[in-house]
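Peer 1: Below you'll find the structure I mean.
The values are calculated or read from the model by the stated rules, or taken from the named source; none is laboratory data. Just so it is clear, the model here is predicted, and its values are computed rather than measured. Every residue, glycine as well, gets a Cβ built from its backbone with ideal geometry; the counts of neighbours run over all protein chains shown. Areas reflect the complete protein model, heavy atoms only, side chains present, ligands, DNA and RNA absent. Shrake-Rupley method; radii C 1.70, N 1.55, O 1.52, S 1.80 Å.
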Amino acid sequence: MRGKVITVDQVIARIAGRQHGVVARWQLLGAGVTSREIEIRVGRGSLLPVLRGVYRVGHAAPSVQSTYMAAVLACGEGAVLCGRAAAYLLGLIKGSPPPPEVLTRGERHVKGVRARRSRVIESIIWRGIPITTPARTLVDLAAALNEEQLARAAHEADVRYKTTPAQVEAVLRSRPRTNGATTLRRVVNGDVKLVLSTLERRFLALLRENNVPLPRTNRPAGGRFVDCRWPEHRLTVELDSYRFHNSRHAWEQDRRREREAYARRDQFRRYTWRDVFEQPRLMLSELRELLA
């Protein structure tokens, strides 16, 4: 029985389908597509050049993911997204998408892409895109963000990817001349105070107004960040807003944090928006008793 014949367009579509609709010339040649076949499709508009040797397949409207994937492909095999672009894609920073930054092992010059060489590249595949690990991304951000911004990025890395201070330190040891390393170490070791949300700000304000001792906020305990902790009283408090705790993943993480608090022999309490904004009297009474 004869095998099914796969056309050139099907080969292109299969590669593009795994890469947010973009393909590299070197990938097509490696899959058996000839230079002439590529030129024909560029001429008729089914392959649209976006960067040197990289094409969008049959669509003219790029997404952020396709733009970043194209930059990685343009820098050759083994390249990965890094820096602010990686941080944006991983959700560690907010705002408008930054220009693409790419790490490579060899010298690369691609117009529109900031390419940097690195001997060691810690990377993962995130939604089909080669990208620096969250820990490596934080190290790359250390020289680009101020202390508060870096602390927020580290918090997101902990919440979203369980990035630990030990993982960050391992990357820093491989890059001893990293700018901002001292600040990053202070951040991941919990020496930088950080208030992340309206709920946390109101909670701390209530404590001040009612002369309740203030906790350490967003500092690591047992390898991960916790919202509020009074170490001398062995008390951990997590503040739960529906916005950030309404998924199965968040629910599982919350249960893990609770078990970890008990494992380090802390008492554990969880307060919600209603506890803080609508019924604070009961919460404050409980905290006074626990902190007495």
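Peer 1: Can you give the accessible area per residue of the stretch 30-123, in Å², using a 1.4 Å probe? Spell out each step's value before the answer.
Peer 2: Details: 4690 Å² over 94 residues.
Roughly 50 Å² per residue, with all protein chains present.
Peer 1: Would you kindly state how much longer the chain becomes between Ser96 and Ser174 on full extension, computed as 0.36 nm times their sequence separation minus their alpha carbon distance, in nm to one decimal?
Peer 2: On the way: separation 78, 0.36 × 78 = 28.08 nm, distance 3.07 nm.
My answer for the length gained is 25.0 nm.
Peer 1: Within the chain, what whole-number % of the accessible surface is contributed by carbon and sulfur, with the 1.4 Å probe and all protein chains included in the calculation?
Peer 2: Values: 7830 of 15870 Å².
That fraction is 49 percent.
Peer 1: From Cα pairs below 8 angstrom and at least 6 apart in sequence, can you work out the relative contact order of the stretch 1-106, rounded to a whole percent? Walk me through the intermediate numbers first.
Peer 2: Numbers: 130 pairs, mean separation 22.3, N = 106.
Computed over the stretch 1-106, the figure is 21 percent.
Peer 1: Another question, then. Based on DSSP H runs of at least 4 residues, each adding -39500 (n - 2.57), what is the mean residue ellipticity at 222 nm of the chain after dividing by all its residues, to the nearest 500 deg cm²/dmol?
Peer 2: Numbers: 12 runs with 125 residues, N = 292.
My calculation for the chain gives -12500 deg cm²/dmol from helical runs alone.
Peer 1: Keeping every protein chain in place, order Ile12, Ile125 by accessible area at 1.4 Å, biggest value first, i.e. largest first.
Peer 2: Numbers: Ile12 5, Ile125 120 Å².
Output order, biggest surface exposure first: Ile125, Ile12.
Peer 1: Can I ask one more? How far, in nm, would the chain grow between Trp273 and Glu286 when pulled straight, counting 0.36 nm per residue and subtracting the alpha carbon separation? It would help to have the intermediate numbers written out before the result.
Peer 2: Working: separation 13, 0.36 × 13 = 4.68 nm, distance 1.62 nm.
Residue separation times 0.36 nm, minus the Cα-Cα distance, leaves 3.1 nm.
Peer 1: Now for a different question. Report the label-to-label distance for Ser63 and Asn146 in nanometres (one decimal), using points 7 Å from each Cα along the Cα→Cβ vector.
Peer 2: The two pseudo-label positions are separated by 3.4 nm.
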